[in-house]
Amino acid sequence: MHGQSEPDPPYSQEGQPGRGPAALRRSTRVVILTGAGISAESGVPTFRGPGGLWRSYRAEDLATPQAFRRDPELVWQWYDWRRSVVGACLPNAAHRALADMERALDDFVLVTQNVDGLHRLAGSRRVLELHGNIWRLRCTLECRPPWDDRRDPLPEIPPRCPACGALARPDVVWFGEALPGEVLAAAMDASRRCALMLVVGTSALVQPAASLPLLALENGAHLVEINPQATPLSRLAGEVLREPAARALPRWWAERRPGG
Ligand code: OAD
């Protein structure tokens, strides 16, 4: 479609003895899209599932520029709490399977909506963080580039820019804000080119991330969803695993890991 060439079929035709019928090729172009569900078994609460509320606030109430303008201290208390939750969590078997996948495939892109940094901690290197990273801060006056700050808890709430003293904010994308342009462009490009997209642990409700699988499908990619719950993508997926990611993903990968 759209004048692009059809991608190669993602799976080898003949299969490999002892590996099941569907090993990937090393050259298969694979894109992974992850959401909060992949970190659920590490102990990070999802946004729209149980444990998603902080005090009585939903993410949509706090993760906005308006909320930050109104009450930066409240928003920072929430982020300080989220940082403490995430800081106590370790990558799980699903994160580790994706790090192994990156090593085993030549053309692999991991796109995540998560800001928790667990993919990198698991060993993934080529990670496109669509919504930023909770361990990075930036100056609201943009007097300098964003910086890492892993202190937990933060010594001062709200934190200030060490260079100019203006308010600092988390280097994450809030509702109503644009995604980092280059990161989004790279994710869209990879999605259009891939032969296989694996969507793991996202409710697929938040745009533009939720439309990446549609770009992949337009170009004939095979779509796999791993999620215990149905999502708007489920009926479009060629393969659906209704299981938690830490169980389903390592098994799916073990069955399809290219030989040699
Ligand atoms: P959600 O909380 O909307 O969805 C989490 C998904 O994970 C749900 O579909 C669950 O069924 C699924 N899930 C739960 N446990 C799972 C498990 N063990 N294994 C696999 N899946 C599991 O989170 P996201 O889709 O990531 O944006 O939300 C998207 C964006 O909305 C977030 O990045 C954040 C949020 O507000 C910003 O902060 C900009």
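Here, each number is a calculation from the coordinates, and none is a lab measurement. Computed from a predicted model, the values in this text were never measured in an experiment. For neighbour counting, all protein chains shown are included, and Cβ atoms are generated from backbone atoms with ideal geometry for every residue, glycine included.
Antiparallel as a % of all DSSP beta bridges within the chain, to the nearest 5? Mind dumping the intermediate values first?
Numbers: 10 of 32 bridges.
Of the beta bridges lying entirely in the chain, close to 30 percent run antiparallel.
Arg242 sits among other residues whose Cβ lies under 14 Å from its own Cβ, and their net charge, with Lys and Arg +1 and Asp and Glu -1, is 0.
Determine the shape class of the range 194-235: with a ≥ b ≥ c the square roots of the Cα gyration tensor eigenvalues, call it rounded for a/c under 1.5, and otherwise prolate if a/b is greater than b/c, oblate otherwise. List each step's numbers first, then the result.
On the way: a/c = 2.08, a/b = 1.36, b/c = 1.54.
Verdict is oblate for the range 194-235.
Antiparallel DSSP bridges in the range 79-185: what percent, to the nearest 5?
75 percent
Arg69 to Arg151: FRET efficiency via 1/(1 + (r/R0)^6), r the Cβ-Cβ distance, R0 25 Å, to the nearest 0.05? Once the sixth-power term is evaluated, E becomes 0.55.
Seen from Pro213, the other residues with C-beta closer than 15 Å to its C-beta sum to a net charge of 0, counting Lys and Arg as +1 and Asp and Glu as -1. Relative to the longest principal axis of the Cα atoms of the chain, helix 181-193 runs at roughly 10 degrees. Helix 245-256 and the longest principal axis of the C-alpha atoms of the chain enclose an angle of approximately 30°.
Going by average Cβ density within 10 Å per residue, which order do the peptides 184-195, 77-88, 51-62 take, highest to lowest? Walk me through the intermediate numbers first.
Details: 184-195: 19.4, 77-88: 17.6, 51-62: 14.0.
My ranking of the peptides, most packed first, is 184-195, 77-88, 51-62.
Using the rule -39500 (n - 2.57) for each DSSP H run of four or more residues, divided by the residues of the chain, the 222 nm mean residue ellipticity is -8000 deg cm²/dmol. Any chance you could give the angle, 0 to 90 degrees and rounded to 10, that helix 93-104 forms with the longest Cα principal axis of the chain? Roughly 60 degrees, rounded to the nearest 10. Can you give me the C-alpha center-to-center distance between the range 160-187 and the range 86-105, rounded to a whole angstrom? That distance is 25 Å.
Placing pseudo-labels 7 Å out from each Cα toward the beta carbon at Asp107 and Gln207 gives an inter-label distance of 2.9 nm. Given +1 at the Cβ of Lys and Arg, -1 at the Cβ of Asp and Glu and no other charges, the dipole of the range 60-119 around its Cα centre is 160 debye to the nearest 20.
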